[in-house]
Amino acid sequence: MPKIRVLVVDDAVVVRSRISKILSSDPELEVVGVAANGRIALAKISQVNPDVIILDIEMPEMDGLQTLSAIRKMYPRLPVIMYSTSTRSGAIATLEALSLGASDYATKPSNLGNVEATTQHIREELIPKIKVFGGFFPPRAITPPVIFPVRSDIQQVEVVAIGVSTGGPNALTVVLREFPADLSVPILIVQHMPPMFTKLLAEQLSSKCQIPVNEAVSGQILEPGHAWIAPGDFHLIVQRDKTVVRLATHQASKENSCRPSVDVLLRSVAQVYGAGAIAVILTGMGQDGLHGCKCIREAGGQVLAQDKATSVVWGMPSFVVNAGLANQILPLNQIADEIMHRIRFNQLPLSGL
């Protein structure tokens, strides 16, 4: 299989050098060029023909957002991974980049002087994304389908729990903006993002939607018509407290290399809400959510999965679908309507059983 050709764009010499060295050490990757700013990068694309571009946000002459806009006009399908700092300004710019068409993002290591930590960070955070968007998909085992009996006593929907990763901010916007202000159930969301990013994402979504969207806070009572996003680096769960259900966050070990983890949330939702839960798995890398969806189905709840055609990366939904856990597989623009249908009628359409 040919190597994935990577163009690295960053104004810092040390960053370009370090990234190039680490990426080149991977047998599936080849750094075919580097650029110190957007103008140089645009000129190099036609010369080196990259499969993936790693693009810094803060650069002189032509910054990352300007460069991204130009790339999208000239090369609409060329994968671009933004490489941003873990700061408020970096998070704001990253979310804007995703709305402008960036394929994904990765955060820069906090201490480039620590060679070992930097290498590990890039190998864990950046290289898997390059391989996904560059077309390298390592083989994976298919989980044997789980057969659930058809239920005739479908319970009233009490909560919707959404799991999403790569492509999530735009996907969440499409789904959440369709919910009415008088939505009768709460919504819980796990989006794989670092601290600060999740708070800004919640603010961004809330400004676009009819329902309020907030970063989750421990102790908060769940209310209908409100959405909560798990905070970066914290798992989110629900706990029953007498007559109410409260949110709780904790920092137990990562699951599926993730914190927050979709599986952690869905397990608690299955335990607290049982058959009254709908789990929704949207676009994303990896298999986080697979075990949690099995818990939801075993408790009598329902599972919806985004289809391959509308997913940025059909990873998380594919594991759920291949395991036979999805009641229905839908394009992104039909998911909100299907959720509302199931909330209003409290029963599965015959085709969805």
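Screening VAL52, VAL80, VAL32, VAL9 for residues that are in contact with a Ser or Thr (Cβ under 6 Å, 6 or more places away or on another chain), surrounded by 16 or more Cβ atoms within 10 Å (Cβ to Cβ) and in contact (Cβ under 8 Å) with a residue 24 or more places away in the chain leaves exactly one candidate, VAL80. Selection over region 43-70 of residues that are in contact with a helix residue (DSSP H, G or I) (Cβ under 6 Å, 6 or more places away or on another chain) and farther than 18 Å from TYR105 by Cα gives a count of 2. Among the residues of region 220-235 satisfying the criterion of being part of a strand (DSSP E or B) and under 21 Å from GLY276 (Cα atoms), which is nearest to the chain's Cα centre (by Cα)? If we take residues in region 220-235 being part of a strand (DSSP E or B) and under 21 Å from GLY276 (Cα atoms), then ILE229 is nearest to the chain's Cα centre (by Cα). Being under 22 Å from VAL280 (Cα atoms), among the β-branched types (Val, Ile, Thr) and in a loop (DSSP other than H, G, I, E, B) holds for only one residue in VAL245, VAL217, VAL238, and it is VAL217.
Within the option set GLY286, GLY292, GLY324, GLY274, being in contact (Cβ under 8 Å) with a residue 40 or more places away in the chain and on the phi < 0 side of the Ramachandran plot holds for one residue only, GLY292. Among the residues of region 123-152, those identified as under 21 Å from ILE296 (Cα atoms) and either in contact with a helix residue (DSSP H, G or I) (Cβ under 8 Å, 6 or more places away or on another chain) or at pLDDT 90 or above (or both) are ILE142, THR143, PRO145, VAL146, PHE148, ARG151.
Exactly one residue out of VAL31, VAL14 is modelled with pLDDT of 95 or more, hydrophobic (A, V, I, L, M, F, W, C) and within 21 Å of GLU116 (Cα to Cα): that is VAL31. Just wondering, is there one or more residues in region 59-77 that are assigned to a loop (DSSP other than H, G, I, E, B), farther than 19 Å from ALA12 by Cα and in contact (Cβ under 8 Å) with a residue 60 or more places away in the chain? Looking through region 59-77, none of the residues is assigned to a loop (DSSP other than H, G, I, E, B), farther than 19 Å from ALA12 by Cα and in contact (Cβ under 8 Å) with a residue 60 or more places away in the chain.
Every condition in (1) surrounded by 20 or more Cβ atoms within 10 Å (Cβ to Cβ); (2) within 25 Å of PRO194 (Cβ to Cβ) holds for ALA305 except the one numbered (2). Out of GLY284, GLY232, one residue alone is crowded, with 20+ Cβ neighbours inside 10 Å, within 18 Å of VAL160 (Cβ to Cβ) and not acidic (Asp, Glu). It is GLY284. When the residues of region 84-102 are filtered to those that are within 16 Å of the chain's Cα centre (by Cα) and within 17 Å of SER69 (Cβ to Cβ), the one that is surrounded by the most Cβ atoms within 10 Å (Cβ to Cβ) is THR94. Cβ separations smaller than 8 Å between residues 6+ apart or across chains give the following pairs from region 196-208 residues that are in the same structural domain as ASP233 (by TED's automatic domain parsing) and outside any helix (DSSP H, G or I) to residues that are small (Gly, Ala, Ser) and crowded, with 18+ Cβ neighbours inside 10 Å: MET196/ALA91; MET196/GLY232.
Here LEU265 fulfils each of the conditions (1) in a helix (DSSP H, G or I); (2) touching a Lys or Arg at 6+ places or on another chain (Cβ under 9 Å) apart from (2). For region 12-25, taking the residues that are free of Cβ contacts under 8 Å to residues at least 60 places away in the same chain, surrounded by 15 or more Cβ atoms within 10 Å (Cβ to Cβ) and not hydrophobic (A, V, I, L, M, F, W, C), the one that is nearest to LEU126 (Cα to Cα) is identified as SER20. A count restricted to region 342-353 and to residues that are modelled with pLDDT of 50 or more and either assigned to a loop (DSSP other than H, G, I, E, B) or within 13 Å of PRO180 (Cβ to Cβ) (or both) stands at 3.
Here's the yes/no breakdown for (1) in the same structural domain as LEU78 (by TED's automatic domain parsing); (2) part of a helix (DSSP H, G or I); (3) over 28 Å from the mean Cα position of the chain (by Cα):
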{"site": "ASP11", "(1), (2), (3)": "yes, no, no"}
{"site": "VAL14", "(1), (2), (3)": "yes, yes, yes"}
{"site": "ILE22", "(1), (2), (3)": "yes, yes, no"}
{"site": "ASP26", "(1), (2), (3)": "yes, no, no"}
{"site": "VAL32", "(1), (2), (3)": "yes, no, yes"}
{"site": "ARG39", "(1), (2), (3)": "yes, yes, yes"}
{"site": "ILE45", "(1), (2), (3)": "yes, yes, no"}
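Comparison of SER110, SER86 shows that the only residue that is over 15 Å from ASP10 (Cβ atoms), part of a loop (DSSP other than H, G, I, E, B), modelled with pLDDT under 90 and in contact with a strand residue (DSSP E or B) (Cβ under 6 Å, 6 or more places away or on another chain) is SER86.
The values are calculated or read from the model by the stated rules, or taken from the named source; none is laboratory data. What you are looking at is a predicted structure, and each value in this text was computed from that prediction instead of being measured. Ideal geometry is used to build each Cβ from the backbone, glycine not excepted, and the neighbour counts take in all protein chains shown.
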